[in-house]
1. Residue 307 versus (1) assigned to a helix (DSSP H, G or I); (2) surrounded by fewer than 24 Cβ atoms within 10 Å (Cβ to Cβ); (3) in contact (Cβ under 8 Å) with a residue 40 or more places away in the chain: which is the lone unmet condition?
2. Is one or more of the residues making up the range 217-234 closer than 30 Å to residue 97 by Cβ and either modelled with pLDDT under 75 or in a helix (DSSP H, G or I) (or both)?
3. Could you check the range 86-106 and list, in sequence order, the residues that are loosely packed, with under 14 Cβ neighbours inside 10 Å and over 23 Å from residue 134 (Cα atoms)?
4. So residue 267 clears everything in (1) closer than 18 Å to residue 207 by Cα; (2) crowded, with 17+ Cβ neighbours inside 10 Å except one condition, right? Which one?
5. Could you tell me whether residue 322 is crowded, with 24+ Cβ neighbours inside 10 Å and under 26 Å from residue 192 (Cβ atoms)?
6. For the structure I just gave you, tell me whether residue 210 is within 30 Å of residue 346 (Cα to Cα) and at pLDDT 75 or above.
7. Does residue 271 satisfy the criteria of being assigned to a helix (DSSP H, G or I), within 22 Å of the chain's Cα centre (by Cα), at pLDDT 85 or above and over 15 Å from residue 76 (Cβ atoms)?
8. Output the number of residues of the range 95-116 satisfying the condition of being more than 14 Å from the chain's Cα centre (by Cα), assigned to a helix (DSSP H, G or I) and free of Cβ contacts under 8 Å to residues at least 60 places away in the same chain.
């Protein structure tokens, strides 16, 4: 992961960072192209239906999955519920790791609300960003700090999505089940190393950030010459500004961000493993922890394919295939995936809706109080 820059790089205070950004430019845009949104939504739903209707039955078995689910004991179900509760609890740490001024519940509200909108609304990413920004500023963060927190959490989530497939290949290699996906490790490692090196260079100093930006402009020069709409495109300025805005936060919080994001992904794996043990039977052998983790971690690569929200369907199909390839019975693999998907998806949607309603009511009261206070203040002058 990213290391803090050396002491030779000049320190930048939070106040300096805040003053360098026009707050009016900090809010993410919530404007949506309705036609594009509808098309993406229809395409996404079509892919989900296709995968669960045609693809998964080819690699798994719904009938055997049903039989496996019916054989689960109440103790197995209780263990799964406990892992879900742990996962939901850890999920609330992401924004607290990025911004210490937030309370745990505020951090939980922001992340769960974002999950609900992004995964429950077709092409809801833009709306999710705007809602996150609105929530954070209502919690008395400056526009600059709110944008920085959103950016930091998003970047670290991407790092984990790229890093976990590498860990998955290592786990499957250790168990002897990586023959068919050995290529994922080197490819993922190359991409991750390239991104981290570029990221470190940008964060190390303003001069290096400027050089990276200039290099980007050079690489894009043929495109700018060929397409007039990109003629004025300049990546150097935004990269330097990004470094200026994010330096202080990442220098102080990179380790906590890493622990929070790893914790979220690992506790989600615990749900899958508890589901596998539940359908296979606790104390009766079954899929090894290495094979289970390898299948779960490698399937993270499907999160980078933006066809369906949260890798719904695409991640499931790959995970089932990898589990079956590792020796898991088709019914057990399918049942475990369905339990994992249901228990890590629907409870979050419910919690996210509760978070949105609670925030909406409280934010409305807070903004109303501020408006009254501002009017009274004007009346005294």
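The values are calculated or read from the model by the stated rules, or taken from the named source; none is laboratory data. Model, not experiment: these values are computed from the prediction. Don't worry about glycine lacking a Cβ; one is built from the backbone with ideal geometry, like all the others, and counts go over all protein chains shown.
1. (1)
2. Of the residues in the range 217-234, the ones closer than 30 Å to residue 97 by Cβ are none.
There is no residue in the range 217-234 that is closer than 30 Å to residue 97 by Cβ and either modelled with pLDDT under 75 or in a helix (DSSP H, G or I) (or both).
3. Selection gives nothing.
4. Of the numbered conditions (1) closer than 18 Å to residue 207 by Cα; (2) crowded, with 17+ Cβ neighbours inside 10 Å, the odd one out for residue 267 is (1).
5. Yes; evaluated as a whole, the condition is true for this residue.
6. Working: within 30 Å of residue 346 (Cα to Cα): no; at pLDDT 75 or above: yes.
When the stated conditions are applied, residue 210 does not pass them.
7. Criteria not met by residue 271.
8. 4
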